[in-house]
Amino acid sequence: MPYINLIQEQRASSRKNEVRARAGFFTFVGVGVVSVLSYGGLFLKNADLKDKEASLVLELQRLEPMKKQIEANKEIESGLQPRLVSLEEAQQLTDRWIHILNHFTTQTPKNTWLTNVRSAANDPQKGVMVSLIGMSTSQDPVGEFMQRVQNEPNLTGVNLKYTNEKPTLGGPAIEFELEAEVAGTAPKKTKEEEDAK
C-alpha cells in the first residue's frame with residue numbers, strides 16, 4: 001500500500017505541477033498579449049502623434065510667411081508711431097484753432113472788426129499767445145468782445161493790452177488789442193518744478 005499511496009501522491013503532485021504550469025503558461029500568454037496590445041496601442045498613439053506633429057509642422061511652414069509679414073508690419077508701425085503721434089497732435093491743434101476762429105466769427109459784436117490775429121510762442125515757459133487787434137466804433141463793444149473771448153474754453157488769461165482812439169475815413173474809431181494764451185499749449189511742468197512751488 002505504501003507504494004500505491006506514493007503513486008497517488010506523485011500523481012497529485014504531478015497534477016499540481018501541471019495546473020501550475022498551465023496557470024504559468026496562461027499568465028505568460030496573458031502578459032504577452034497585454035504587452036503586445038499595449039505595445040500596439042503605444043505604437044498607434046506614437047504614429048498618431050507623429051502625424052499631428054507633421055501636420056503642425058506643415059501648418060507652421062504655411063503660417064511662416066504670415067508671421068514674417070506681421071513682424072515686418074510691426075516694424076513699419078513702430079517706425080510710423082512718431083508720425084502718428086505728430087499727426088494726432090496736429091489734428092488736435094487744428095481742431096482747437098478751428099473752434100477758436102469759429103468763436104471769433106460768431107461772437108464778434110456789431111460795429112467791431114478784427115484787423116489782425118497773430119499767434120506766437122516767444123516765452124518757453126508759457127504757451128502759445130494770441131493777439132487780437134481790431135477796431136470798434138466805441139469802447140462798449142470792445143468790453144463785450146473781451147467778455148465773449150473769455151468764454152472761449154480754448155483761451156485763458158484774456159487781457160486787454162490797450163485801446164486807442166484812431167482817426168479813420170468814417171470818423172474816429174477805437175483800436176484795441178486783446179491778448180490770450182491758447183489752453184493746453186504751455187509746457188508741462190515736471191514733478192520737481194511743481195514741488196518747488
Which of the residues belonging to region 129-177 are closer than 18 Å to THR106 by Cα, among the polar types (S, T, N, Q) and open to solvent by 60 Å² or more (accessible area, probe 1.4 Å)?
GLN147, GLN150, ASN151
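Could you count how many residues in region 168-197 are among the acidic types (Asp, Glu) and at pLDDT 75 or above? Working first, answer last.
As a first pass, look at region 168-197 and keep what is among the acidic types (Asp, Glu): 175, 177, 179, 181, 192-195.
Still in the list and also at pLDDT 75 or above: 175, 177, 179, 181.
Total meeting the criteria: 4.
Name the single residue, out of those in region 101-110 being under 16 Å from GLN147 (Cβ atoms) and in a helix (DSSP H, G or I), that is least open to solvent (accessible area, probe 1.4 Å).
Within region 101-110, the first condition is being under 16 Å from GLN147 (Cβ atoms), and the residues that meet it are 103-104, 106-110.
With in a helix (DSSP H, G or I) added as a condition, the list becomes 103-104, 106-107.
Numbers: HIS103: 30, PHE104: 11, THR106: 94, GLN107: 61 Å².
Going through the qualifying residues, I end up with PHE104.
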Which number in (1) open to solvent by 100 Å² or more (accessible area, probe 1.4 Å); (2) under 30 Å from ASN154 (Cα atoms) marks the one condition that LYS67 misses?
(2)
Conditions first: (1) at pLDDT below 90; (2) surrounded by 11 or more Cβ atoms within 10 Å (Cβ to Cβ); (3) within 43 Å of the chain's Cα centre (by Cα); (4) more than 19 Å from LYS188 (Cα to Cα). GLY79 passes all but one, so which condition is the exception?
(2)
Cβ-Cβ below 9 Å, separation at least six or inter-chain, first residue in region 150-171 and in contact (Cβ under 8 Å) with a residue 40 or more places away in the chain and assigned to a strand (DSSP E or B), second open to solvent by less than 50 Å² (accessible area, probe 1.4 Å) and of a type in the set (Gly, Ala, Ser): which pairs?
LEU155/ALA180; LEU155/ALA183
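The values are calculated or read from the model by the stated rules, or taken from the named source; none is laboratory data. Note that the coordinates shown come from a computational prediction; the quantities given were computed from them, not determined experimentally. Don't worry about glycine lacking a Cβ; one is built from the backbone with ideal geometry, like all the others, and counts go over all protein chains shown. Please note that ligands, DNA and RNA were not included when accessible areas were found on the heavy atoms of the full protein model with its side chains. Shrake-Rupley method; radii C 1.70, N 1.55, O 1.52, S 1.80 Å.
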